[in-house]
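Encoded as structure tokens, the structure appears first; notes follow it.
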Amino acid sequence: MMGPEGQQAAIGGAANTLATAEEAEATPEATMQAIVQDAYGPADVLHLARIAPPRIADGDVLLRVHAAGLDRGTWHLMTGRPYLLRLVVGIRRPKNPVPGRDVAGTVVAVGSAVTRFSAGDEVYGIGAGSFAEYAVAREDKLARKPVNATFVQAAAVPTSGLTALQGLRDAGRVQQGQQVLITGASGGVGSYAVQLTKAFGAEVTGVCSTAKLDLVRSLGADHVIDYTRDDFADGARRYDLILDIAGNPAVSRLRRSLTPTGTAVIAGGEEGGIWFGGIDRQLRALIVSPFVHERLTSFICKERSSDLEQLTDLIEAGAVIPTIDRTYSLDRVPEAMRHLEAGKARGKVAITI
């Protein structure tokens, strides 16, 4: 299934194009190192190359990339799966040959319509082609980097942090004192969801594997469930809100785990057919919801600078701390992608540039 991270990747970002003369003057190098893919497929399709730096439009910002984040949406764009995704990002090959969207770096140049940033500013957000020395991002998809976060930490925030924030606050309508269940609590989105749930004043139960129980506890979870041994839908506990990130429980199981007026937000999962992924589960939930007491919903994450600024405030206040599993250099992006695909990551994976 392609969750909000993949759906967000499909609708966001512009393709890299050649730099103008003014941008080339602002860029120290005539060419840059970048990860490039010329076809869809496994991590082997990714290779390091020297290409021209990107150009910016009036509302864009050119960044010297210091770090880039990795998420399941980037994996979906690499593989072109589910195939429905290719209608948006390219039928036979990616429209943008440089992968990567989450980015943290220093502003090099800005378009004529940009008012919030200037050269030298340290920023983070969502751009196009962040697995490179330079990348372009729209002004309205960037925020200032938290002062207490490294570039690596900041690069690990945007897609996963926004997905967790909007899943809980907007789709889930989380309230103080509620009982909240997070599936996939040890992953990229889940690691933020656990911390944000606590910041919103709710009591959180995290679902993960045995090897990651300690991580989820350290994130602030009040309770943990080892899915290899226990079933969150066994009826022992009911929840006001379920944020279903990485599991693929049937809609009926989610309903059994909710209070009579509870809400289940289906935000992800990686099973399903090669054509449509698991979108059918989201659709079934939306169809069933009007006819039952529980509220069943899903969402597509919106790339908003205002929400990035809220995450900045939470990070600077110490309420949210990016959890970095591993970092990889630019030439090791294929290795990083294999690590993510294997499901071994505890929190986020980042690329240093």
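The values are calculated or read from the model by the stated rules, or taken from the named source; none is laboratory data. Predicted, not measured: the structure shown is a model, and the values here were computed from it. Note that each Cβ is placed from the backbone with ideal geometry, even for glycine, and that neighbours are counted across all protein chains shown. Remember, those area values only see protein heavy atoms, side chains included, never the ligands or the DNA or RNA. Shrake-Rupley method; radii C 1.70, N 1.55, O 1.52, S 1.80 Å.
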Query - Hits in the range 191-206 (condition: open to solvent by 10 Å² or more (accessible area, probe 1.4 Å) and out of contact with any helix residue (DSSP H, G or I) (no Cβ under 7 Å at 6 or more places or on another chain)) - result: 195, 198, 201, 203
Report summary line: Going through (1) under 20 Å from the mean Cα position of the chain (by Cα); (2) surrounded by fewer than 24 Cβ atoms within 10 Å (Cβ to Cβ) one by one, residue 120 fails only at (1)
**Report entry** Output for the range 90-106, where each listed residue is in a loop (DSSP other than H, G, I, E, B), of a type in the set (Gly, Ala, Ser) and closer than 18 Å to residue 63 by Cα
**Finding:** 100
Query raised in the report: Here are some conditions: (1) at pLDDT below 95; (2) at negative phi; (3) buried (at least 19 other Cβ atoms within 10 Å of the Cβ). Residue 17 meets all but one. Which one does it not meet?
Result: (3)
Query raised in the report: Taking the range 114-141 only, how many residues are closer than 19 Å to residue 99 by Cβ and in a strand (DSSP E or B)?
Result: 10
Requested in this report: Return yes or no: is residue 244 of a type in the set (D, E, K, R) and in contact with a Gly (Cβ under 9 Å, 6 or more places away or on another chain)?
Outcome: yes
Report task. Of the conditions (1) touching a helix residue (DSSP H, G or I) at 6+ places or on another chain (Cβ under 9 Å); (2) within 24 Å of residue 336 (Cα to Cα); (3) free of Cβ contacts under 8 Å to residues at least 24 places away in the same chain, residue 216 clears all except one; give me its number. Result -> (3)
**Report entry** Checking residue 248 against (1) more than 21 Å from the chain's Cα centre (by Cα); (2) modelled with pLDDT under 95, the condition it does not meet
**Finding:** (1)
Requested in this report: Given the conditions (1) under 30 Å from residue 50 (Cβ atoms); (2) outside any helix (DSSP H, G or I); (3) open to solvent by 10 Å² or more (accessible area, probe 1.4 Å); (4) β-branched (Val, Ile, Thr), report the number of the one that residue 174 does not fulfil.
Outcome: (1)
Query raised in the report: Among the listed residues 311, 243, 340, 296, which satisfies the condition of being assigned to a helix (DSSP H, G or I), crowded, with 17+ Cβ neighbours inside 10 Å and at pLDDT 95 or above?
Result: 311
**Report entry** Answer residue from the range 39-70, given it is touching a Leu at 6+ places or on another chain (Cβ under 8 Å), open to solvent by 10 Å² or more (accessible area, probe 1.4 Å) and touching a residue at least 40 places away in the same chain (Cβ under 8 Å) and is nearest to residue 190 (Cα to Cα) among those
**Finding:** 48
Requested in this report: Specify which of the listed residues (114, 88, 108) is over 21 Å from residue 309 (Cβ atoms) and either open to solvent by less than 40 Å² (accessible area, probe 1.4 Å) or without any contact (Cβ under 8 Å) to a residue 12 or more places away in the chain (or both).
Outcome: 108
Query raised in the report: Pick from 186, 218: which is open to solvent by 30 Å² or more (accessible area, probe 1.4 Å), of a type in the set (S, T, N, Q) and under 19 Å from residue 320 (Cα atoms)?
Result: 218
